[in-house]
1. Filter the stretch 154-189 down to the residues that are touching a residue at least 60 places away in the same chain (Cβ under 8 Å) and among the hydrophobic types (A, V, I, L, M, F, W, C) and list them by number.
2. Considering only the stretch 108-122, I want to know if a residue exists there that is under 27 Å from residue 253 (Cα atoms), in contact with a strand residue (DSSP E or B) (Cβ under 9 Å, 6 or more places away or on another chain) and open to solvent by less than 30 Å² (accessible area, probe 1.4 Å).
3. Filter the stretch 165-185 down to residues that are surrounded by fewer than 19 Cβ atoms within 10 Å (Cβ to Cβ) and part of a helix (DSSP H, G or I), then give me how many there are.
4. Of all residues in the stretch 268-306, which are of a type in the set (D, E, K, R) and more than 27 Å from residue 256 (Cα to Cα)?
5. Take the conditions within 24 Å of residue 194 (Cα to Cα) and either open to solvent by 50 Å² or more (accessible area, probe 1.4 Å) or not in a strand (DSSP E or B) (or both) and apply them to residue 90. Does it pass?
6. Can you tell me how many residues within the stretch 379-398 are under 17 Å from residue 359 (Cβ atoms) and assigned to a helix (DSSP H, G or I)?
7. Within the stretch 356-372, take every residue that is assigned to a loop (DSSP other than H, G, I, E, B) and within 33 Å of the chain's Cα centre (by Cα) and give me the one that is surrounded by the fewest Cβ atoms within 10 Å (Cβ to Cβ).
8. I need a count of the residues in the stretch 392-404 that are in contact with an Asp or Glu (Cβ under 9 Å, 6 or more places away or on another chain) and either under 19 Å from residue 328 (Cα atoms) or basic (Lys, Arg) (or both).
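The values are calculated or read from the model by the stated rules, or taken from the named source; none is laboratory data. Note that the structure is predicted; figures quoted are calculated from it, not measured. Because the Cβ atoms are built from the backbone with ideal geometry, glycine has one as well, and the counts that use them run over all protein chains shown. Surface areas here come from the heavy atoms of the whole protein model, side chains and all, with no ligands, DNA or RNA. Shrake-Rupley method; radii C 1.70, N 1.55, O 1.52, S 1.80 Å.
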Amino acid sequence: MKRIGLLVLGLAVALLASCAAAIPVEEGASGVADGGVDLSSVEPDSNLTEGCMEVYDPDVDYFPHKVSPNYASGWSVEYHNYYKVLTLHNPWRGAEETFQYLLVQCGAPVPEGFGEIPAIEVPVRTVAALTTTVLPHLNELGVLERLVAVDRFDNVNTPEVRQLIDGGSLQEAGTGAGVNTEVLIDVDPQLIVTFAYGNVEYDTHPKLIEAGLPVALTAGYMETSPLGRTEWLKVSALFFNQEERANSVFDGISGRYAEMAELAAGVEERPTVLVGYARRESWRVPGGGSYFARYIADAGGNYLWRDDESTGSIPLSMENVFEVASEADVWLPNTSYWHSANDVLGADERYASLTAVERSSVYSNNAKLNEWGGNDYWETGVANPDLVLADLIKIFHPDLLPEHELIWFQQLD
């Protein structure tokens, strides 16, 4: 019996030793294990979202989770073992240049051969967001604690960010040519995210670059589909190595959007839709190739300028618009300034002749303004196109979503 017991004990020791040798090495461990195993060649199971790697091997893929655009056309990314190259193809309307950013895994050297392309260490530890559209991204990606500054407090609607503002943990840096670089230098963010119009009088990034601050542009507003705009969540994720989480969040959004669109796809009658309002006799309507035209089509509406291929807005005279749309079934002025029919008629008495006004079928996307006038439609709405689509379906075909309560749109009656 004693010999059998010793034999069993010996087998157990051998089994434990073999199991220990098979245990995968945790990221950030030293280069050589006690048993002489070279850890530098161990492939990580997930992207490193915190801190830096302690061991660097140029032959190891440190980004096993990756993203790529399925709906967006304004960006692309090339993955290499320890760095990524992000390219913005259309940073603003009429842009003749592209922007590139070299995102290097923290702990690895900056690769050679990329000239003056800005190099940014990832995962980013601190970030300043000078556009509210990326605030929901930071929240969804679970990195909101890394936010140190925003453009203007009054613009912010995301509740979690408002809590940070109220708690005094964020700085207000401003935007445009008047951005306060001293504030940004003081908080010392590893990344500043902003957008551009291609106009030096209004753009923020030239002044930031001149001050030697790390800046990257975002250009979701240039996309021609709602899901394309929302897919810039993946661009934000690149800076934090949060590709896996971004894919999961976006897949949920795109799936729900598809379900909503399918709900409205079979409608027999599609109400005619007018969008926008006149400003000094000039009425800019979205082009038929724009993201909002896509919203209307997916919600079961008949957009009156659907055959126009423009992706931006079309400037028209008030007379031109009235000729085409005086009998439109629904009018979506999409202005933050009107809250009732009196506001509509107070702006211009000629609106009274529109059929949509006569039938109280005027809806604007200003139901969620904060107390300073910041419109959540351009913040949380951009991040949740499935819910915006639900609002529009409710307006065009209320019987399809009887339980849905409007979120961003409200009736002006």
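1. Matches in the stretch 154-189: 156, 187.
2. yes
3. Within the stretch 165-185, residues that are surrounded by fewer than 19 Cβ atoms within 10 Å (Cβ to Cβ) and part of a helix (DSSP H, G or I) number 9.
4. 279, 280, 281, 284, listed by residue number.
5. yes
6. Number of matching residues: 4.
7. 371
8. Of the residues in the stretch 392-404, 5 are in contact with an Asp or Glu (Cβ under 9 Å, 6 or more places away or on another chain) and either under 19 Å from residue 328 (Cα atoms) or basic (Lys, Arg) (or both).
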